[in-house]
Amino acid sequence: MIPRLELRNICKRYPGVVANDDVSLSILPGEIHAVLGENGAGKSTLMKIIYGAVQADSGEILCDGNPIHSHNPAVSRALGIEMVYQHFALFESVSVVENIALSVTTPFNLAALSRKVLELSQRYGMPIDPARLVHNLSVGERQRVEILRCLLQNPKLLILDEPTSVLTPQAVLRLFDTLRQLAAEGCSILYISHKLDEVQTLCDTATVFRNGRVTGTARPKQTTATELARMMVGSKLPEMHVSPPVPAEKPMLEIRGLSAAATDIYGVDLADISFDVFGGEIVGIAGVSGNGQAELVSLLSGERLHPQSNAIRIGGIASGHLDADGRRRAGIAFVPEERLGRGAVPAHSLIENGLLTGHRLGSVRHGMVDRKRAADFSRDIVEKFKVKTNGVRAKAQSLSGGNLQKFIVGREIALQPKLLLVSQPTWGVDVGAAAFIRQTLVDLSRAGAAVLIVSEELDELFEICDRLLVICNGRLSKSLIRTQTDREEVGLLMTGLDGSVVANGGDSLALHD
Amino acid sequence: MDLFIAIFTGTIVAATPLVLAALGELVVEKSGVLNLGIEGMMLTGAALAFGVALAGLPLPLAIVAGVAGGAASSMLFGVLALTFLTNQYAAGLALAIFGSGLSAMIGNGFGNTPIAALGTLHIPVLSDIPLVGPLIFRFDILVYFSLFMVVFIGWFLYRTKAGLVLRTIGESPQSAHAIGYPVVRIRYLAVLFGGAMAGLAGAYLSVVYTPLWVENMTAGRGWIALALVVFSTWRPYRVLLGAWLFGGMTILQLQGQVLGIALPSELLSALPYLATIVVLVIISRNRQMLALNFPASLAKPFRPAG
Amino acid sequence: MRFTIEQRPEPSAVMRVVAPVAAIALTLVVGAGLFAALGHNPVAMLDAFFIAPLNSLNGLSELLLKASPLILIACGLAVGFRANVWNIGAEGQLIMGAIAATGVGLFYPNPDSVLLLPLMFLAGMAAGMAWAAIPAFLRARMNTSEILVTLMLTYVATLFLSWLVHGPWRDPAGFNYPQTAMLPPYALFAPFDDAYRVNHSVFITAVAVVVMWIFTDRSFLGYKMAVAGAAPLAARYAGFRESAAIWIGLLAGGAAAGVAGMAEAAGPLGQLSPNVSPGYGFAAIIVAFVGRLNAFGIVLAGLLMSLLFLGGETVQVSLGLPSALTRVFQGVLLFFLLAADFFIFYRIRRVGGQN
């Protein structure tokens, strides 16, 4: 059989990194093929090359045996290659059907297209209202729009980039059914993931990636998880040491009846949120992104103020009215989700970025910056946290995601916080750095600090948190003890605290409407 | 009654260059690009159009020259902002300064010679209807064109695929690029259109509104057009509304001077500028309303990856 | 074989120096072409434009005289630009400064007081700041674009000045010219030498340059402003107040422009007239950018821009060319500089292979 798609010796370099090094793979019609690898292994780059959104430096791509020359997304679509991005390429300000209209070549007729979308969504069990504006959709619904958009093209090859990272466990099963149905109809599926269990459940073949190179090909259903993990990670990772928590007597952070309207028109309102975080423990907030995490985090960090200063108490002191500087003085440190542009100034050096929050540690005197001290401060972080960089004069934007994250975590820990707030601690960070950062957070909490983590990675939360809270549609669940709960329970809470949604419509992807 | 007709028609005519320039900028901004250089493009268009008319060539040709001048000068900005990824504020300012210098240089030889202005239409029967005739059917053709453009741009942006593509590029060029649209090329076209409309607005000033060359004759209208786009919250019909408001302000202020209102003329002349500020303040306070149609990528440089 | 543009991992230090030099060179080439197109000998014209003004002591005096307000205003504006605060109405703030200073100079009860000049200085600075405080307030409190407000206020200031010199402040003994009476001697900056116009106000500019350098390069407040400009979300994350950056950015520009206006009235003009500024407020924006928003660069850019003004005057007087040439050159220079900056951050690389 002629492969649907064949890659031969693909190479792609970025300044300072080799994203893909001599990559070859082939996919047969109707095959579900996994590309398995850790974050930063080069999978996403490869997918963009296949789709034509990024050009390879060298190598060949063949579709149904014919080489593709001068590749771009339009060529892909003409060939029947469609892609569902990890971070969706949907436009917030326009409707579902308009979004879909942008990527179909049929004459511009929204009414006719709406009918087609409805028809298709019923056939594959993914209900959606074509007239709704995308910014009103949940993440799961958005993914449905993306997939429907691809299906309208009758694709011969569908690429999905980490499709489950935004879904609840229940929604994942539902997605797999759709994908199997598609494959049975002859569509090839390229499934990119770093989750072993999913690949073993779903995929026929797996190509495993490490540091931009293919390290092996396997039949995941016949291969042990250990074997796959070895190909993926290479050397053995350090084991996490999570000793039992020793919570302090009094809470470090007390949230009582916190409600707030969204400031962004695409945001989520927070409703009556209450919880505590004690020194000596790690509390995790789970949830599908876009359920109020961004709003909650900016209210906790002081980037946004709250008129009721009693709603947020830090170390027993009403703090809602304090800005980010005031909160830090009260003992908070904060690692935001966006590293470039929020946690660090991209065009500034590490010295200057150290100063961003580290200025309170003696490097500013009489209103003047003591440049030697500032440099020493940043150099300490780079050494202690093993940040790979060309020195402290390097710009923040020149660091890899993982190294910049280590720098930011290091800087915030250097503030010796009584409460550390961390949002998506290991997003896009390579395995080694992720393990290091998680261990650092555990150590900090066991040394007595309160640690609050907001993350979409359930694995991560289950690995290091002592207690879990689930946020959905701006509301927070009751507190769950990690050792007394499981993914099933957390997953249900992520879908809206309400089992009826799943039972009634068979519509487990609908997170909230 | 004559006074009412004078104020009404005067308002419409004074609003026309603002409508043209602001509509052009609205399309540019909808694509996510901020061109602050309208004043410079208008002046370039005004000078070229006037020069062609002064040379005795037909007025339609003069207007075409104005359009071409505006479009050509917009490309100076386009290359900087879209290819060289320059700070769009700085590139726009450079164009504003350059255009004012260039137009003054072109206009250096124009002297004080006036030209015959583009006349108003006279439609048989319709133009002669009492009251209605002078109020509706006795404008120059560009007034009708500007009204047509309001409707056309509204239709284009919200009823066609090309308009949808333009709006989505303004929201997220990354996503538009990801699904295969030539973001940079489309933005170039938008900037070119904005330049052509600004050039037309300038030509309107120099060969219709005040057919006499005066250095910097736009007198800040390019900047007011920019303010109108904010005022309109990026909706074409509201551009018209805002332009009439400012046209009316200009005419009232002129009429006030004619009627001998006991205020110095300079202070009356300051009214449209002060009104611009007041209106901007009122609109800007409502962040939610601004955010609704705001092109989210406005003034952020974009370079396709890979 | 084809070419791609890629971001440099680190901005190129070499290009940082080469880019402005190349931009100036290209501007000269375009200028020569322009002169040739106008039917003049380009070499002779470039000589008249750029070399002749520097051939005499008087030329140097004029160079400093014009560079001083440009550098002063650009220093003030750059403080704001660094924080993404776009004050483009320095022209209006300059005019208000000149008006206030002239008002004090003309109407202070004791014209022979040595306090007169310092009082005028303070009045000019305060008026420039007050005029800039309006857009600062509107941006900080009402979210109103400071670009448009500062610009609109420039038109208002120009009209206000026009009204004053045509009306209440017109010199009754001035043959109906729209200008005020001459300022008394104690209200004027003393020239270094009576033969030349350059005066002691250049010391103000010198101090401003040093203050600006310390502020932007050494002070914590300057650092905070830089963060606010480069990454507003990072500034909020760190707890640096946005409104503080807006106020400081606009007031610095307003103060500098107001003082520059005062120094024009109390210097070469000696009175108030509608042409108190030949566009210094706008040209200073270019100076700030060409000087890369840093003190040393602004000094060089200010001298260069001053030379453009002088050259424009020279060719106007000697060859009857329009003075608007100056603005054309300014625009072209800024175009080239902005384009050349691209190569500091990006490079062009050849890639082999198919695709």
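The values are calculated or read from the model by the stated rules, or taken from the named source; none is laboratory data. The model shown is predicted, which means the values in this text are computed figures rather than measured ones. Heads up, the Cβs are rebuilt from the backbone with ideal geometry, glycines too, and the neighbour counts pull from every protein chain shown.
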**Request:** Kindly provide the set of residues from the range A:72-94 that are more than 30 Å from B:Lys30 (Cβ to Cβ) and over 27 Å from the mean Cα position of the chain (by Cα), ordered by number.
**Result:** A:Leu79, A:Gly80
**Request:** Could you please tell me which pairs satisfy a Cβ distance under 9 Å, a separation of 6+ or placement on different chains, a first residue in the range A:35-56 that is away from every other protein chain (no Cβ under 11 Å) and closer than 15 Å to A:Met232 by Cβ, and a second residue that is part of a helix (DSSP H, G or I) and charged (D, E, K, R)?
**Result:** A:Val35/A:Lys43; A:Leu36/A:Lys43; A:Gly37/A:Lys43
**Message:** All but one of (1) surrounded by fewer than 24 Cβ atoms within 10 Å (Cβ to Cβ); (2) at pLDDT 95 or above; (3) part of a helix (DSSP H, G or I) hold for A:Glu412; state the number of the condition that does not hold.
**Reply:** (1)
**Item:** Matching option when the condition is within 12 Å of another protein chain (Cβ to nearest Cβ) and closer than 30 Å to A:Ile68 by Cα, among A:Leu90, A:Leu152
**Value:** A:Leu90
**Prompt:** So which of B:Gly107, B:Gly111, B:Gly101 ends up being in a loop (DSSP other than H, G, I, E, B), within 14 Å of chain C (Cβ to nearest Cβ) and either touching a strand residue (DSSP E or B) at 6+ places or on another chain (Cβ under 8 Å) or not hydrophobic (A, V, I, L, M, F, W, C) (or both)?
**Reply:** B:Gly111
**Fill in**
Of B:Gly242, B:Gly247, the only residue that is away from chain C (no Cβ under 14 Å) and either under 28 Å from C:Ala133 (Cβ atoms) or touching a residue at least 12 places away in the same chain (Cβ under 8 Å) (or both) is B:Gly247
**Message:** Tell me whether the range C:217-232 contains one or more residues that are small (Gly, Ala, Ser), in contact with a helix residue (DSSP H, G or I) (Cβ under 7 Å, 6 or more places away or on another chain), away from chain A (no Cβ under 14 Å) and buried (at least 23 other Cβ atoms within 10 Å of the Cβ).
**Reply:** no
**The listed residue being hydrophobic (A, V, I, L, M, F, W, C), in a helix (DSSP H, G or I) and buried (at least 18 other Cβ atoms within 10 Å of the Cβ), out of B:Leu226, B:Leu241, B:Leu189** = B:Leu226
**Prompt:** Does at least one position in the range A:130-140 carry a residue that is in a loop (DSSP other than H, G, I, E, B), farther than 22 Å from B:Phe156 by Cβ and modelled with pLDDT of 85 or more?
**Reply:** yes
**Item:** Residue among A:Lys418, A:Lys384, A:Lys388, A:Lys395 that alone is surrounded by 19 or more Cβ atoms within 10 Å (Cβ to Cβ) and among the charged types (D, E, K, R)
**Value:** A:Lys395
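For (1) of a type outside the set (Lys, Arg); (2) part of a loop (DSSP other than H, G, I, E, B); (3) at the interface with another protein chain (Cβ under 9 Å from one of its Cβ atoms), each residue gets a yes or a no:
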position: A:Ala294; (1), (2), (3): yes, no, no
position: A:Leu299; (1), (2), (3): yes, no, no
position: A:Asp325; (1), (2), (3): yes, no, yes
position: A:Glu337; (1), (2), (3): yes, yes, no
position: A:Arg342; (1), (2), (3): no, yes, yes
position: A:Pro346; (1), (2), (3): yes, yes, yes
position: A:Glu352; (1), (2), (3): yes, no, yes
**Message:** Quick check on this structure: which one of C:Gly239, C:Gly261, C:Gly254 is crowded, with 19+ Cβ neighbours inside 10 Å, under 30 Å from A:Asp370 (Cβ atoms) and either touching a residue at least 12 places away in the same chain (Cβ under 8 Å) or among the small types (Gly, Ala, Ser) (or both)?
**Reply:** C:Gly239
**Message:** For the structure I just gave you, tell me whether B:Gly170 is surrounded by 24 or more Cβ atoms within 10 Å (Cβ to Cβ) and more than 14 Å from chain A (Cβ to nearest Cβ).
**Reply:** no
**Item:** Selection count, the range B:157-183, where residues are assigned to a helix (DSSP H, G or I), without any contact (Cβ under 8 Å) to a residue 60 or more places away in the chain and touching a helix residue (DSSP H, G or I) at 6+ places or on another chain (Cβ under 6 Å)
**Value:** 4
**Message:** Can you pull out every residue in the range A:492-513 that is at pLDDT 85 or above and within 18 Å of the chain's Cα centre (by Cα)?
**Reply:** A:Met494
**Request:** Kindly indicate which of C:Phe35, C:Phe49 is over 13 Å from the mean Cα position of the chain (by Cα), surrounded by 19 or more Cβ atoms within 10 Å (Cβ to Cβ) and free of Cβ contacts under 8 Å to residues at least 60 places away in the same chain.
**Result:** C:Phe35
**Prompt:** (1) farther than 22 Å from B:Ser175 by Cα; (2) away from every other protein chain (no Cβ under 13 Å): which one isn't true of A:Ala131, the others all being true?
**Reply:** (1)
**Message:** If I filter the range A:152-167 for residues that are among the small types (Gly, Ala, Ser) and either touching a helix residue (DSSP H, G or I) at 6+ places or on another chain (Cβ under 6 Å) or surrounded by 20 or more Cβ atoms within 10 Å (Cβ to Cβ) (or both), do I get at least one hit?
**Reply:** no
**Message:** What pairs come out if I take residues in the range A:333-347 that are under 16 Å from A:Val454 (Cα atoms) and not assigned by TED's automatic domain parsing to the domain that holds A:Gly279 and pair them with residues that are of a type in the set (D, E, K, R) and part of a loop (DSSP other than H, G, I, E, B) whose C-beta lies under 6 Å away, six or more apart or interchain?
**Reply:** A:Pro336/A:Arg342
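Condition check ((1) of a type in the set (Val, Ile, Thr); (2) over 19 Å from A:Ile100 (Cα atoms); (3) within 11 Å of chain A (Cβ to nearest Cβ)) across all residues:
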position	(1), (2), (3)
B:Ala176	no, no, yes
B:Ile186	yes, yes, no
B:Val191	yes, yes, no
B:Tyr204	no, yes, no
B:Thr210	yes, yes, no
**Request:** Determine which member of the set C:Val207, C:Val156, C:Val198 is more than 9 Å from chain B (Cβ to nearest Cβ) and modelled with pLDDT of 95 or more.
**Result:** C:Val207
**Message:** I want to confirm something. Restricting to the range B:266-276 and keeping residues that are within 7 Å of chain C (Cβ to nearest Cβ) and under 18 Å from the mean Cα position of the chain (by Cα), which single residue is farthest from C:Ser162 (Cα to Cα)?
**Reply:** B:Thr276
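Here's a check for you: in the range C:159-195, which residue that is assigned to a loop (DSSP other than H, G, I, E, B) and within 14 Å of chain B (Cβ to nearest Cβ) is surrounded by the fewest Cβ atoms within 10 Å (Cβ to Cβ)?
The selected residue is C:Pro168.
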**Request:** Would you mention how many residues in the range A:169-210 are basic (Lys, Arg) and more than 16 Å from A:Arg487 (Cβ to Cβ)?
**Result:** 2
**Asked** Out of B:Gly69, B:Gly51, which single residue is of a type outside the set (A, V, I, L, M), surrounded by fewer than 24 Cβ atoms within 10 Å (Cβ to Cβ) and in a helix (DSSP H, G or I)?
**Response** B:Gly51
**Request:** Could you identify the single residue in C:Glu62, C:Glu10, C:Glu6 that is away from chain A (no Cβ under 14 Å), surrounded by 14 or more Cβ atoms within 10 Å (Cβ to Cβ) and among the acidic types (Asp, Glu)?
**Result:** C:Glu62
**Message:** If I filter the range C:295-306 for residues that are within 14 Å of chain B (Cβ to nearest Cβ) and under 16 Å from C:Leu63 (Cα atoms), do I get at least one hit?
**Reply:** yes
